[in-house]
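Some notes on the structure that comes next.
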Amino acid sequence: MVGPGIVLTPRHGGAWRFDPGALFLEFLLTGGPGELAVFDRLHEPDDLRHWIGASRLGLAGTDVAVSPADLGPARLLRDALWRATRAASAGIAVTDGDTRAIERIAAAPPLIPLWGSRWHTPAGAPAVLSTIARDAITVLAVDGHRVRECAADDCRLVFLDTSRPGARRWCSMQRCGNRHKVRDYRSRESSPPDGDD
Ligand SMILES: [Zn+2]
């Protein structure tokens, strides 16, 4: 069985699995506000179903009813979560507008959990969005300072650092971490690469 995370297919290089460490951070991979709008992947109900099927929820996209009317709230939640995540990781207050938007969506009934890491189905998109919003509220309140952006200059991926020392710098050691080590090694030549991760 594969671990949690979302398979990313970058324009350059092969597909790889990125585990950002939390459900709501997986949702940020569908696009975002401002300069991230060009990456928007929520255009059709099937797009949201596709994300649901790929996410750590463990649901099949076909288990969830999604209508075109669900896409507006989905994008609104995602964009508010981006701003809230950046604020929390920078240690500054999330705006009232964003907390209200996230709380409003969290107020809907969430997915109903069943024994064995399963959910009651069929379910509706508002329940999925509520579950995502609740995840964000819980995680950001406790571990907001552990959410950070990959240290690579050209990588925007955001993850929850669950390592005990709290010193994770890269979206993935195999990807940006290795690229950095190789560059660092070349630039220093005689000294060995550092052993951080
Ligand atoms: Zn990265």
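The values are calculated or read from the model by the stated rules, or taken from the named source; none is laboratory data. In this text the structure is predicted, and so the values were computed from the model without any measurement. Positions of Cβ are generated from backbone atoms using ideal geometry, with glycine treated the same way; all protein chains shown enter the neighbour counts. Note: accessible area is taken over every heavy atom of the protein model, side chains too, but ligands, DNA and RNA are not part of it. Shrake-Rupley method; radii C 1.70, N 1.55, O 1.52, S 1.80 Å.
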(request) Determine the percent antiparallel among the DSSP beta bridges restricted to the chain, to the nearest 5. (result) 80
(message) Net charge within 12 Å of Val94 by Cβ-Cβ distance, Lys/Arg positive one each and Asp/Glu negative one each, not counting Val94 itself?
(response) 0
(request) When a/c is below 1.5 the answer is rounded, else prolate if a/b is larger than b/c, else oblate, so apply that to region 1-150 with a ≥ b ≥ c taken from the square roots of the Cα gyration tensor eigenvalues. (result) rounded
(message) Run lengths n ≥ 4 of DSSP H only: what is the helix-derived mean residue ellipticity at 222 nm for the chain, with -39500 (n - 2.57) per run over all residues, to the nearest 500?
(response) -12000 deg cm²/dmol
(message) Taking the 0 to 90 degree range and rounding to the nearest ten, how far is the long axis of helix 178-188 tilted relative to the main principal axis of the chain, both from C-alpha atoms?
(response) 20
(request) Report, in degrees rounded to the nearest 10, the 0 to 90 angle that the Cα long axis of helix 96-106 makes with the longest principal axis of the chain. (result) 60
(request) Tabulate in residue order the Karplus-calculated ³J(HN,Hα) for region 66-72, using 6.51 cos²θ - 1.76 cosθ + 1.60 with θ = phi - 60°, rounded to whole Hz; enter x for Gly and Pro. (result) 10, 10, x, 5, 7, 6, x
(request) Could you size up the charge dipole of the chain around its Cα centre, putting +1 on the beta carbon of Lys and Arg and -1 on that of Asp and Glu, and report it in debye to the nearest 20? (result) 360
(message) Can you sort Trp115, Trp170 by solvent-accessible area, 1.4 Å probe, largest first?
(response) Trp115, Trp170
(message) If a paramagnetic tag sat 7 Å from the Cα of Ser67 along the Cα-Cβ line, which residues of region 118-151 would have the backbone N under 17 Å from that point?
(response) 122-130
(request) Multiply the residue gap between Ala37 and Glu103 by 0.36 nm, knock off their C-alpha separation, and tell me the result in nm, one decimal place. (result) 21.5 nm
(message) For the chain, which cysteines have no second Cys with its Cβ under 4.7 Å from theirs?
(response) Cys176
(message) With an 8 Å Cα cut-off and a minimum separation of 6 or more residues, compute the relative contact order for the chain in percent.
(response) 18
(request) Please give the net charge around Ala65, taking every other residue with its beta carbon less than 15 angstrom from that of Ala65, where Lys and Arg add +1 and Asp and Glu add -1. (result) -4
(request) Name the long-range amide H neighbours of Asp161: under 5 Å, sequence gap of 5 or more, or other chain; modelled H, no Pro or chain starts. (result) Val147, Arg148
(request) Add +1 for every Lys or Arg and -1 for every Asp or Glu among the other residues with Cβ under 11 Å from the Cβ of Leu129, and state the total. (result) +2
(request) Calculate, for Asp153 and Ala93, the FRET efficiency according to 1/(1 + (r/R0)^6) with r their C-beta to C-beta distance and R0 25 Å; round to the nearest 0.05. (result) 0.35
